[in-house]
Amino acid sequence: QVHLVESGGGLVQAGGSLRLSCAHSGRRFSTTTMGWFRQAPGKEREFVAAISWILDNTVYADSVKGRFTIYRDNPKNTLYLQMNDLKVDDTAVYYCAAGRRAAATTADEYDYWGQGTQVTVSS
């Protein structure tokens, strides 16, 4: 069983930055694809970014490309999402997820999910 715990959310003004963290409890973190998704009120959950365990290949949603960076610290079993130049439209609950397939960008490709952390961007 894998437990994922996100942290780092909060309230920030547009143009600001936040760094989200996701602690992974399992032993296979270094061979797991990790992803970030988000869900805004009244909207479906959407893909944000993913990092593969294979060569740390990354993939991003077009809406965050160039502003967000996903990276991992394998010795610490921790996933990060650095979010810069935040926009009001980035407001959502952010979830981290663990899966097996490289470059997975859909929710059904992930097996484990965290409880989410709220990010609110004010204008």
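The values are calculated or read from the model by the stated rules, or taken from the named source; none is laboratory data. Bear in mind that the values here come from a model prediction, so they are computed numbers and not experimental data. Note that we place each Cβ from the backbone using ideal geometry, even for glycine, and neighbour counts take in every protein chain shown. These area figures cover heavy atoms from the full protein model, side chains too; ligands, DNA and RNA do not enter into them. Shrake-Rupley method; radii C 1.70, N 1.55, O 1.52, S 1.80 Å.
Sort 62-72, 32-42, 9-19 by the packing proxy (mean of other Cβ within 10 Å over each peptide's residues), most packed first. Can you show the working numbers first?
Numbers: 62-72: 15.5, 32-42: 19.9, 9-19: 13.8.
Top of the packing list down: 32-42, 62-72, 9-19.
Applying a DSSP loop filter and a limit of 16 other Cβ atoms within 10 Å to the GluC sites (Glu not before Pro) in the range 26-117 leaves 44.
Partner lysines whose Cα lies under 21 Å from the Cα of residue 65, excluding those fewer than 8 positions away in the same chain, are identified as 43, 87.
Which number comes out as Rg/Rh for the range 2-73 once both Rg and the Kirkwood Rh are worked out on C-alpha atoms? Before the final figure, lay out each step's value.
Numbers: Rg = 13.2 Å, Rh = 13.6 Å.
Here Rg/Rh amounts to 0.97.
Heavy-atom accessible area for residue 55, with the other protein chains in place and a 1.4 Å probe, reaches approximately 150 Å². Sorting 73, 56, 108 on solvent-accessible area from highest to lowest, probe radius 1.4 Å, gives 108, 56, 73. Here the scattering of the range 42-111 is modelled by Debye summation over its C-alpha atoms, one equal scatterer each and no solvent; at q = 0.13, 0.15, 0.16, 0.21 Å⁻¹ the log10 of I(q)/I(0) is -0.37, -0.50, -0.57, -0.99.
Rounded to whole Å and sorted largest first, what semi-axes of the equivalent ellipsoid does the C-alpha gyration tensor of the chain yield via the square root of 5 times each eigenvalue?
Values: eigenvalues 101, 38, 37 Å².
Working through the eigenvalues yields semi-axes of 22, 14, 14 Å.
Between residue 40 and residue 28, the contour length at 0.36 nm per residue exceeds the Cα-Cα span by 1.3 nm.
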